[in-house]
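See structure below.
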Amino acid sequence: MAKYEKSFKGDFDEFLNWLHKDITSGSISASIEDESDVTIGEVNVAVRVYERYSMMGGNRVSLNVTVVGYRDNIFVSAITSGGSKAVFFKINTIGEESFLELCIDSVESYISKHR
């Protein structure tokens, strides 16, 4: 399992669309598996679960992304799982790390473009 978290300024809906586009177009096998959205007062929360095939691991890995927005404040938490065929411990996390890196690059690119 690998994790990335970041707080920054931006537009919640614009960022969510930006991230979704980058993740689904960043890998031929990437797909969105499910999503959930809720707004409570001025707080928006979006949860996205993506999945893709990892050639290196020969299996599928998932990327769970939670985006929280309050006015122009955004917090994103991205956690990967899967990517190992071992029974008792993880021996190959390359697929997870690669999938997470795709998400990190998207977030950092958004931040750089919107400074």
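The values are calculated or read from the model by the stated rules, or taken from the named source; none is laboratory data. Because the structure is predicted, anything quoted here is derived from the model rather than measured. FYI the Cβ positions are ideal-geometry reconstructions off the backbone, even for glycines, and counts take in every protein chain you see. Protein only, heavy atoms only, side chains kept; ligands, DNA and RNA dropped before computing areas. Shrake-Rupley method; radii C 1.70, N 1.55, O 1.52, S 1.80 Å.
Which one is surrounded by the fewest Cβ atoms within 10 Å (Cβ to Cβ), of the residues in region 34-67 that are touching a Ser or Thr at 6+ places or on another chain (Cβ under 8 Å) and over 20 Å from E96 (Cα atoms)? Out of the qualifying residues, it is V45.
Is it fair to say V67 is touching a Gly at 6+ places or on another chain (Cβ under 8 Å) and within 23 Å of I111 (Cα to Cα)? So V67 does not fit the description; no. The lone criterion from (1) open to solvent by less than 50 Å² (accessible area, probe 1.4 Å); (2) modelled with pLDDT under 90; (3) of a type in the set (S, T, Y) left unmet by S77 is number (2).
Select from region 7-33 the residues that are of a type outside the set (A, V, I, L, M), part of a strand (DSSP E or B) and under 12 Å from L63 (Cβ atoms) and write down the one among them that is least open to solvent (accessible area, probe 1.4 Å).
S31
Among the residues that make up region 27-43, is at least one of them out of contact with any strand residue (DSSP E or B) (no Cβ under 7 Å at 6 or more places or on another chain) and within 19 Å of K113 (Cβ to Cβ)? No, every residue in region 27-43 fails to be out of contact with any strand residue (DSSP E or B) (no Cβ under 7 Å at 6 or more places or on another chain) and within 19 Å of K113 (Cβ to Cβ). One residue stands out in region 29-48 among those that are over 14 Å from D13 (Cβ atoms) and either of a type in the set (S, T, Y) or touching a Cys at 6+ places or on another chain (Cβ under 9 Å) (or both): the one that is modelled with the lowest pLDDT, namely S29.
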